1. Ignoring GluC sites (Glu not before Pro) that are buried or in helix or strand per DSSP, and keeping those with at most 11 other beta carbon atoms within 10 Å, what is the longest stretch of the chain between them?
2. Rounded if a/c is under 1.5, else prolate if a/b beats b/c, else oblate: with a ≥ b ≥ c from the C-alpha gyration tensor eigenvalues square-rooted, which is the chain?
3. Treat every Asp and Glu Cβ in the stretch 240-361 as -1 and every Lys and Arg Cβ as +1, leave all other atoms uncharged, and give the resulting dipole magnitude about the Cα centre to the nearest 20 debye.
4. Modelling each spin label as a point 7 Å along the Cα-to-Cβ direction, I'd like the L115/T316 distance in nm, to one decimal.
5. Please give the length that would be gained between T85 and V163 if that part of the chain were fully extended, namely 0.36 nm times their separation in residues minus their C-alpha to C-alpha distance (nm, one decimal).
6. Convert each backbone phi in the stretch 160-172 into a coupling constant with the Karplus relation 6.51 cos²θ - 1.76 cosθ + 1.60 (shift: θ = phi - 60°), then list the ³J(HN,Hα) values in order as whole Hz, x for Gly and Pro.
7. Can you put D20, D153 in order, fewest other beta carbons within 10 Å first?
8. Where does the chain land at 222 nm, in deg cm²/dmol rounded to the nearest 500, when only DSSP H runs of n ≥ 4 count, each adding -39500 (n - 2.57), divided by all residues?
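Just so it is clear, none of the values below were taken in a lab; they were calculated from the coordinates. What you are looking at is a predicted structure, and each value in this text was computed from that prediction instead of being measured. Cβ placement follows ideal geometry from the backbone for every residue including glycine, while neighbour counts extend to all protein chains displayed.
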Amino acid sequence: MTRFPPWLIDLVLVAVAVADVLVDGEDTSPGKLAVGGIACAALLLRRRHPLAAFVLTLPGSLLLANLAAPAIALYTLAEHTRNRTLLVAAILATSVAASAPWPSDQTDYRPPDTLVAFAYSLAWAGAPVLLGQLMQTRRDLSARLVEIEEARDHERQLHAQAVLARERAQIGREMHDVVAHQVSLIAVRAGALQVAATDPDAVDAARIIRRLSVDTLDELRHMVTLLRAAGGQGTELTPQPTLADLRKLLDSSGIEVELRGELPDELGAPGQRTIYRTVQEALTNVRKHAPGATALVHLWHDSDHYGVTVTNTEPTRPAVSLPSSRHGLVGLAERAELLGGSFESGPTADHGYRAVLRLPR
């Protein structure tokens, strides 16, 4: 829609007010024409000084029968101010100026006629004020709608960023729990093969495999660090292994593991995944940091809680130096916290290690 420049609109309004004064033409004395000219010229001040423009139109309402200049001034004042008391006073002042007999010594002065004229003037002065207030409300509503739309856009962006952050955190956690689990197992097996093999070619191949596995673990550690930094604390977005896969995990762990106890059948999927990941991480740490140790996985439950305790014995041989950033233990604590539980880990009195997961039923 084409918008006219403000100065052009002001000139048109002044021209309309001048025409209103000239068309009335009942009294063309220089004094009254000067008052009418001041009222018309005051409209040029209406944008920056609406109250001053209105005040300058009052003498014209008192001395002349002009309608355009006061109406325009009232509309501008109502559009720019939020002071309802001032607007009521402006309506009354305009109505009194337009209906009061002037000069006061008029011979045909009749009070009833003045009251009727005041009532008409009151309705006439209230119309531009109501229109100005309507335009002000429309402008406020438009600005409010723009603010609401901007707020919704901002919320959508925040939601998209939160989803992306959770996905990054989930990818980082799965890389640590799954990929690093398998690569560390390869490194440990390659190290054992390097020590036990007698063929020089096999020893060299095992050494290369172990070195590449260690390098891969180091790269994974850096990638997990970056993903966790970008993703923050996230929750699972995709299905994970459950307790049905626990036996397979123990059999493929590469260490001697004893499984004791059981858990209720009605456990939810989040709790089962958390227990699985806890056992997986604990056994991975046993392989990495306690070579030759045996482990005990104890599933337990009571009336209020359920969980798992993974305990390993003292290592029987030196550990293979593998990269570690302790993200696994941090991730286990986060998983437990998401379900309202707790995770604790630490060394035992017999130089072993214990990890305990406790979740509410």
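1. On the way: sites that count: E26, E262, E266.
Of all site-free stretches, the longest is 27-261.
2. Details: a/c = 7.10, a/b = 3.97, b/c = 1.79.
The shape class here is prolate.
3. Values: 13 positive and 15 negative charges, 85 e Å.
I would put it at about 400 debye.
4. For the pair L115/T316, the computed spacing is 11.7 nm.
5. On the way: separation 78, 0.36 × 78 = 28.08 nm, distance 5.15 nm.
Computed gain between T85 and V163 is 22.9 nm.
6. For the stretch 160-172, the Karplus-derived couplings read 4, 5, 5, 4, 5, 5, 5, 5, 5, 5, 5, 4, x Hz, x marking Gly and Pro.
7. Numbers: D20 22, D153 10.
Ordered from fewest to most neighbouring Cβ atoms within 10 Å, D20, D153 come out as D153, D20.
8. Working: 11 runs with 226 residues, N = 361.
Computed mean residue ellipticity for the chain: -21500 deg cm²/dmol.
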